[in-house]
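Colleague: Structure in structure tokens, see below.
The values are calculated or read from the model by the stated rules, or taken from the named source; none is laboratory data. Predicted, not measured: the structure shown is a model, and the values here were computed from it. Note that each Cβ is placed from the backbone with ideal geometry, even for glycine, and that neighbours are counted across all protein chains shown. Accessible surface areas use protein heavy atoms only, side chains included; no ligands, DNA or RNA. Shrake-Rupley method; radii C 1.70, N 1.55, O 1.52, S 1.80 Å.
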Amino acid sequence: ACPPGMSCPDFGTTIPFICPPGTFREPPLGNDSASTISCEPCGSGTWSPWRGTPDFSSCEPCPEGRVCAVGTGNVSVGNICPEGHICGEGTTPEQQTAIKCFDGFFCKSSTTPSSVYEDLCIPGFYCGEATTFVNRYKFRCPRGFYCPSGTGSKSDLKRTLLRGEVFLTKADFYLSQKVAQFCVRQLMRNKFEYVVVEQAELQKAGLPPIDNKEISDIRSSWMKEFDANTCQEQAVYAVWKRYHPGQDPNEYIETIQSMEFFTKQLLTKVLKEPQDYINKCSEHSEILEGKPWPTVNCQEAVEPCNNVSQLECLCSAGSVDKMMDCFGTDNGYSDPQCVEDPSLKDAVCLDPSVDLTPDDNGQIGSLDDFDLMAGHFLSYVQSSLQEEMQTRISENQGTTTRCPFGTMTKSDGASGLGDCVKRSNVDYVQEQLDMVVERINPVDTYKSPAQPVKTSGNAKADQGKFWPVYKALAGSVSLITFDVRHLPRETRYGD
């Protein structure tokens, strides 16, 4: 019989041929066992460096970091594990891309399950799965993040905490807010005017007047539409129709934050009964016997000139779309982009009716409850940042290397926490005010067994106006603990 590890291809072979590397030949086992007369290749994922391999089990598993096709006899000239992937023992060509390089690492060619840990991602950069050696410098740490060695990739890194990324521009926010504000003012005024007109009609017809309970319900009913976000959504659509023609506000805003979240940020209720709100538009209503509108004296040199005040224009507009004619220099009113000028007061430049300094005619603006409903842009920014960070955390896509809440890096490529500074100190952020993360007092003076004294000397002083001071005997030891577990995750440094 032809010996194992040999081939006997011809009838009457007297000198067998030894099987070359990468092949084997098994002898027949018993009379019923079939055997080939030629050498067979080692299977995929195995190799044989020796000549005369006697059986299949003698084909060794492919070494780590290598890829063995059928009949591999020399791994040094065979396929190597491709960059960005990890190849363990016995890897076949079909399996060579099955295991991606780990998050936070980059993989050279011939990477093995143990050698992968030698190549942490470089500081100042981040590495997602399957990052290659060639691409180890490709993904630079974005602004607002710091990337120490071994930083992995999450969707968080692709959304910097800047306008246009996780919150809208100041002009879009303030203009939408202002239009929504006057839309709600008109809703309330119309309810009050309806009561007056209806009472007059009932009196004229000799019918009993509306009772006080029903009057209160009618006057308060504008709040239902406010709660339904009706004016807020109409305002956003009107702003986009005028200043972003052809762009669907829903599609655009949803890439940044939800439409519901944005509209909820425009106006917030004040602590008053709905019928008790002070309303500028109601104050100038003829039906409600209001006062005359503010006068505007046009100067001949000013073009264009509009002798209708912006307040009258907004309160008298027949629709939200018509309110857009009450803005813009082409209409003789303020340019919405004025809010981007750091030298001007945001709300004042957009709506002179809130300017409390006398103008050239000696007229002074005023604030009503709807002005108090309008929050500052920075408050919207802060809420947007919190919403973004909470969303990423809930989706398990929040990285622990984002700058702490209220801070930002001055450039990309940062690698340490010390690169994060206050947002107001970073020019490109364009925020002039410091962002207060959260005011907390980690000392619960009510649960403390020792009673503090108040440094202000005023027993009735507000909690925020004194420091608790505790007595301690000279040479004694005290344990002071600060419990900050109640802080939300987005306000913490890392985990």
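Colleague: Is there a residue in segment 265-282 that is outside any loop (DSSP other than H, G, I, E, B), open to solvent by 90 Å² or more (accessible area, probe 1.4 Å) and free of Cβ contacts under 8 Å to residues at least 60 places away in the same chain? If you could, list the steps in order and put the result at the bottom.
Modeller: Looking only at segment 265-282, we keep the residues that are outside any loop (DSSP other than H, G, I, E, B), and these are 265-267, 274-276, 280-282.
With open to solvent by 90 Å² or more (accessible area, probe 1.4 Å) added as a condition, the list becomes none.
No; the residues of segment 265-282 include none that is outside any loop (DSSP other than H, G, I, E, B), open to solvent by 90 Å² or more (accessible area, probe 1.4 Å) and free of Cβ contacts under 8 Å to residues at least 60 places away in the same chain.
Let's see how each residue does on (1) in contact with a helix residue (DSSP H, G or I) (Cβ under 6 Å, 6 or more places away or on another chain); (2) open to solvent by 40 Å² or more (accessible area, probe 1.4 Å); (3) at negative phi:
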| site | (1), (2), (3) |
| --- | --- |
| Gly164 | no, no, no |
| Phe167 | yes, no, yes |
| Cys183 | yes, no, yes |
| Asn190 | no, yes, yes |
| Glu193 | no, no, yes |
| Val196 | no, yes, yes |
| Gly206 | no, yes, no |
| Asp211 | no, yes, yes |
| Glu214 | no, yes, yes |
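Colleague: Right, next: Using the structure shown, decide if Gln177 is touching a strand residue (DSSP E or B) at 6+ places or on another chain (Cβ under 8 Å) and either without any contact (Cβ under 8 Å) to a residue 60 or more places away in the chain or surrounded by 20 or more Cβ atoms within 10 Å (Cβ to Cβ) (or both).
Modeller: Numbers: touching a strand residue (DSSP E or B) at 6+ places or on another chain (Cβ under 8 Å): yes; either without any contact (Cβ under 8 Å) to a residue 60 or more places away in the chain or surrounded by 20 or more Cβ atoms within 10 Å (Cβ to Cβ) (or both): yes.
Considered against the rule, which asks whether it is touching a strand residue (DSSP E or B) at 6+ places or on another chain (Cβ under 8 Å) and either without any contact (Cβ under 8 Å) to a residue 60 or more places away in the chain or surrounded by 20 or more Cβ atoms within 10 Å (Cβ to Cβ) (or both), Gln177 comes out as yes.
Colleague: Having 1 or more residues that are in contact with a Lys or Arg (Cβ under 7 Å, 6 or more places away or on another chain) is the bar; report the helices (runs of 4 or more DSSP H) wholly within segment 154-262 that clear it. Steps first, answer last, please.
Modeller: Numbers: elements: 170-204, 212-220, 222-227, 230-243, 249-254.
Ranges flagged: 170-204, 212-220, 222-227.
Colleague: While we're on this one: Give Pro249, Pro294 a once-over and let me know the one that is at pLDDT 90 or above and open to solvent by less than 60 Å² (accessible area, probe 1.4 Å).
Modeller: On the way: Pro294 fails: at pLDDT 90 or above.
Only one candidate passes the filter, namely Pro249.
Colleague: Here is a further query. In the list Lys224, Lys241, which residue meets the criterion of being touching a residue at least 60 places away in the same chain (Cβ under 8 Å), among the charged types (D, E, K, R) and closer than 22 Å to Leu267 by Cα? Outline the logic, then answer.
Modeller: On the way: Lys224 fails: touching a residue at least 60 places away in the same chain (Cβ under 8 Å).
Just one listed residue meets the conditions, Lys241.
Colleague: Then there is this: If a residue must be in a loop (DSSP other than H, G, I, E, B), open to solvent by 40 Å² or more (accessible area, probe 1.4 Å) and either more than 18 Å from Cys420 (Cα to Cα) or touching a strand residue (DSSP E or B) at 6+ places or on another chain (Cβ under 6 Å) (or both), how many such residues does segment 137-153 contain?
Modeller: 5
Colleague: I've got another one for you. Take the residues of segment 60-83 that are within 48 Å of the chain's Cα centre (by Cα) and buried (at least 21 other Cβ atoms within 10 Å of the Cβ): which is nearest to Ala130 (Cα to Cα)?
Modeller: Restricting to residues being within 48 Å of the chain's Cα centre (by Cα) and buried (at least 21 other Cβ atoms within 10 Å of the Cβ), the top hit is Cys81.
Colleague: Sticking with this structure for a sec: So which residues in segment 89-102 are open to solvent by less than 70 Å² (accessible area, probe 1.4 Å) and in a loop (DSSP other than H, G, I, E, B), if there are any at all? I'd like the intermediate steps shown before the answer.
Modeller: In the first step, residues of segment 89-102 are kept if they are open to solvent by less than 70 Å² (accessible area, probe 1.4 Å); the result is 90-93, 96, 101.
Hits for segment 89-102 are Gly90, Thr91, Thr92, Gln96, Cys101.
Colleague: Quick one: in segment 394-413, which of the residues that are surrounded by 16 or more Cβ atoms within 10 Å (Cβ to Cβ) and out of contact with any Ser or Thr (no Cβ under 9 Å at 6 or more places or on another chain) is nearest to Leu267 (Cα to Cα)? Before the answer, list the steps.
Modeller: Here is the first cut: in segment 394-413, the ones surrounded by 16 or more Cβ atoms within 10 Å (Cβ to Cβ) are 398-399, 401-403, 405-409, 413.
This time we only want the ones that are out of contact with any Ser or Thr (no Cβ under 9 Å at 6 or more places or on another chain), so: 402, 407, 409, 413.
Values: Arg402: 30, Thr407: 26, Thr409: 31, Gly413: 38 Å.
Going through the qualifying residues, I end up with Thr407.
Colleague: Considering only segment 111-136, state which residues are under 13 Å from Cys81 (Cβ atoms), open to solvent by less than 40 Å² (accessible area, probe 1.4 Å) and in a loop (DSSP other than H, G, I, E, B).
Modeller: Thr111, Thr112, Ala130
Per-residue answers, yes or no, for (1) among the β-branched types (Val, Ile, Thr); (2) at pLDDT 65 or above; (3) in contact with a strand residue (DSSP E or B) (Cβ under 8 Å, 6 or more places away or on another chain); (4) not in a helix (DSSP H, G or I):
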{"site": "Leu385", "(1), (2), (3), (4)": "no, yes, yes, no"}
{"site": "Arg392", "(1), (2), (3), (4)": "no, yes, no, no"}
{"site": "Ser424", "(1), (2), (3), (4)": "no, yes, no, no"}
{"site": "Ala450", "(1), (2), (3), (4)": "no, no, no, yes"}
{"site": "Gly464", "(1), (2), (3), (4)": "no, no, no, no"}
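Colleague: If you take the residues of segment 322-347 that are within 20 Å of Lys170 (Cα to Cα), open to solvent by 40 Å² or more (accessible area, probe 1.4 Å) and assigned to a helix (DSSP H, G or I), which of them is modelled with the lowest pLDDT? Show your work before the answer.
Modeller: From segment 322-347, those within 20 Å of Lys170 (Cα to Cα) are 323-329, 333-347; that's our starting set.
Still in the running and open to solvent by 40 Å² or more (accessible area, probe 1.4 Å): 325, 329, 335, 337, 340-345, 347.
Right, trim to assigned to a helix (DSSP H, G or I) and you get 325, 329, 337, 340, 347.
Values: Asp325: 93, Thr329: 84, Gln337: 89, Glu340: 84, Ala347: 75.
In this case the residue turns out to be Ala347.
Colleague: Scan segment 356-383 for residues that are surrounded by fewer than 17 Cβ atoms within 10 Å (Cβ to Cβ) and either aliphatic (A, V, I, L, M) or part of a loop (DSSP other than H, G, I, E, B) (or both) and report the count.
Modeller: Residues that pass the stated criteria total 14.
Colleague: Right, something else. Can you tell me which residues in segment 237-294 are out of contact with any Leu (no Cβ under 7 Å at 6 or more places or on another chain), closer than 16 Å to Leu372 by Cα and of a type in the set (A, V, I, L, M)?
Modeller: Leu266, Leu267, Leu271, Ile278
Colleague: A further question on this structure: Residue check, Pro21 against (1) modelled with pLDDT of 90 or more; (2) open to solvent by less than 70 Å² (accessible area, probe 1.4 Å); (3) within 56 Å of the chain's Cα centre (by Cα); (4) not hydrophobic (A, V, I, L, M, F, W, C), all met but one. Which one?
Modeller: (3)
Colleague: Going through segment 216-244 one residue at a time, which ones are more than 15 Å from Asp325 (Cα to Cα) and open to solvent by 90 Å² or more (accessible area, probe 1.4 Å)?
Modeller: Hit for segment 216-244 is Lys224, nothing else.
Colleague: Among the numbered criteria (1) charged (D, E, K, R); (2) open to solvent by 50 Å² or more (accessible area, probe 1.4 Å); (3) under 25 Å from Arg423 (Cα atoms), which one does Lys108 miss?
Modeller: For Lys108, the exception is condition (3).
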